[in-house]
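Here the structure is laid out as structure tokens; the discussion comes afterwards.
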Amino acid sequence: MKKIYIETYGCQMNEYDSEIVKTVLKKSNYELIDSLDDADVVLLNTCSVRDNANRKVYGRIHRIKHQRNGRGMKIGVLGCMATNFRKKLLENPSLPIDFIAGPDSYKRLPELIEGLDNEGKDHFDVTLSEFETYADVYPTSREKGVNAWIAVMRGCNNFCTFCVVPYTRGRERSRAPENVKEEVEWLASEGFRQVTLLGQNVNSYNYEGRDFAYLLEMVSRVDGIERIRFTAPHPKDFPRRLLQVIAAHPKVCNQVHLPLQAGNDRILDMMNRTYTQKEYLLLVDEIREINPEMVLTTDIIVGFPTETDAEFGDTVRMMEEVEFDSAFIFKYSERPQTVAARKFPDDVPEAEKTERIVRLNEIQREHSLKRNRAHIGEVHEVLIDEENTKKSDEHFKGRNDGNKIVIFSKGNYRQGQFVDVKISDATPNVLRGEVERVLEK
Ligand code: SAH
Ligand code: SF4
Ligand code: F3S
């Protein structure tokens, strides 16, 4: 029985995919192990979204190479680097890679791994499918905890000019709502309290005319699951009905991730984001009008090709105007194959990108602190996800409905329970408080 060890990089979709990979391999009688030391095969499920994600994996492969000296350990690359670099990975003599499999090829992994002993076989499969949704693979070896990931759609048709994902993951395709519901019911029976619906553009979900709002309503009817989250949405796919469903269903959490990317219309157009500054602000207003409590988070890229100081200033103004609860801010990183890489020079100097990212992080820190401090005195319903935090065994950690981290003293409750916590303190990253009561849920 071959022993397999898998490491996962990148987004939640990759976390979920690694669970699919483990399930496929277990079915074929491979043994999944937790350490590289005894592995016959090491799988790296990789990300290609920014160059530093790639570099991390290259570094890791070189370290594994030293560790495996003299042993027959095989290395396989899965995920977005597999489709992004294809055969180049196998042909690079300095990289000891034995096989590669893209995100739509995981059912073929047993075959690819068996083929390693056979010289004549192909050692890569990076074919992207228009249909594969792994609807028939329910991951049986999930990370334990309160949350389960579940992919409801895959791929992306948006082709934002900076983004490699449409090339690494292929075209959009959605899973049948009945099939999603069935898996969620099974997750509830396994004890999960929360599901996070995943897709590269999750709110463009559409299965034979049934849209994302329909899917959310369907999943809300599953008993035992108390919280439903979703990621990653695109601002273009928030019809009013979807916002109403999010606001109306207590199980659907009051948090919307609304990737802004940039605040200037010329840059937004060059990025092919399909909305303007004004349209984005109108959407924010509409969301807050339907539910003033909605937690808003975002992604921003600084230093997109040709972005001037004045245009960057528009991003600053947009941040001031919206005041996000939190934001992920990235420096533009040119990705092979993308339209931006082909058409626009990566001409904003690194030092300038650094200055911009530092400035935005400072602004965001202030906003996060202000918005978190506004919760002091409130009572929040918290789902306990960890029985002690990284820093202390005297504290438990959980998340409120808006997905903010809440820390409180240890007590007679456990992971998976809901508690009411009275918030007494806040930092930019966490809320702190004390439990008022344990909820029956
Ligand atoms: N499908 C998701 C995730 C895309 S990657 C979405 O559309 O939101 C997550 C974030 O990484 C993006 O929102 C973007 O802000 C950032 N990103 C993507 N490509 C990038 C690049 N080439 N350089 C810098 N940041 C990038
Ligand atoms: Fe990339 Fe844009 Fe698709 Fe998101 S919506 S995955 S940023 S192309
Ligand atoms: Fe990375 Fe691919 Fe996810 S590029 S962010 S692992 S979709």
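Taken over region 125-179, the criterion of being in a loop (DSSP other than H, G, I, E, B), touching a helix residue (DSSP H, G or I) at 6+ places or on another chain (Cβ under 7 Å) and over 30 Å from PRO345 (Cα atoms) is satisfied by TYR134, ALA135, VAL137, TYR138, PRO139, THR140, SER141, ARG142, VAL152.
Filtered by the rule that a residue be among the hydrophobic types (A, V, I, L, M, F, W, C) and within 14 Å of ligand 1 (Cβ to nearest atom), region 336-394 gives VAL339, ALA340, ALA341, PHE344, VAL348, ILE357, LEU360. Apart from one condition, LEU215 fits all of (1) touching a Gly at 6+ places or on another chain (Cβ under 8 Å); (2) in contact (Cβ under 8 Å) with a residue 40 or more places away in the chain; (3) assigned to a helix (DSSP H, G or I); the exception is (1).
Residues in region 156-208 that are near ligand 2 (Cβ under 9 Å from one of its atoms) and at pLDDT below 95: none. Of all the residues in region 285-308, those that are over 26 Å from the mean Cα position of the chain (by Cα) and either within 16 Å of ligand 3 (Cβ to nearest atom) or free of Cβ contacts under 8 Å to residues at least 40 places away in the same chain (or both) number 2.
Only residues that are touching a residue at least 12 places away in the same chain (Cβ under 8 Å) and open to solvent by 90 Å² or more (accessible area, probe 1.4 Å): list them for region 420-441, please. Within region 420-441, LYS422, ASN429, ARG432, GLU434, GLU436, ARG437, LYS441 qualify.
Listed here are the residues, each with its yes/no results for (1) within 16 Å of ligand 1 (Cβ to nearest atom); (2) among the aliphatic types (A, V, I, L, M); (3) open to solvent by 50 Å² or more (accessible area, probe 1.4 Å); (4) free of Cβ contacts under 8 Å to residues at least 12 places away in the same chain.
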site	(1), (2), (3), (4)
GLU119	no, no, yes, yes
PHE131	no, no, yes, no
TYR134	no, no, no, no
ARG142	no, no, no, no
GLY145	no, no, no, no
GLY155	yes, no, no, no
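When SER326, SER333 are screened for being closer than 17 Å to ASN52 by Cα, among the polar types (S, T, N, Q) and within 14 Å of ligand 1 (Cβ to nearest atom), only SER333 passes.
The values are calculated or read from the model by the stated rules, or taken from the named source; none is laboratory data. Note that the structure is predicted; figures quoted are calculated from it, not measured. Using ideal geometry, Cβ is built from the backbone for each residue, glycine included, and neighbour counts are taken over all protein chains shown. With ligands, DNA and RNA removed, areas are computed over all heavy atoms of the protein, side chains included. Shrake-Rupley method; radii C 1.70, N 1.55, O 1.52, S 1.80 Å.
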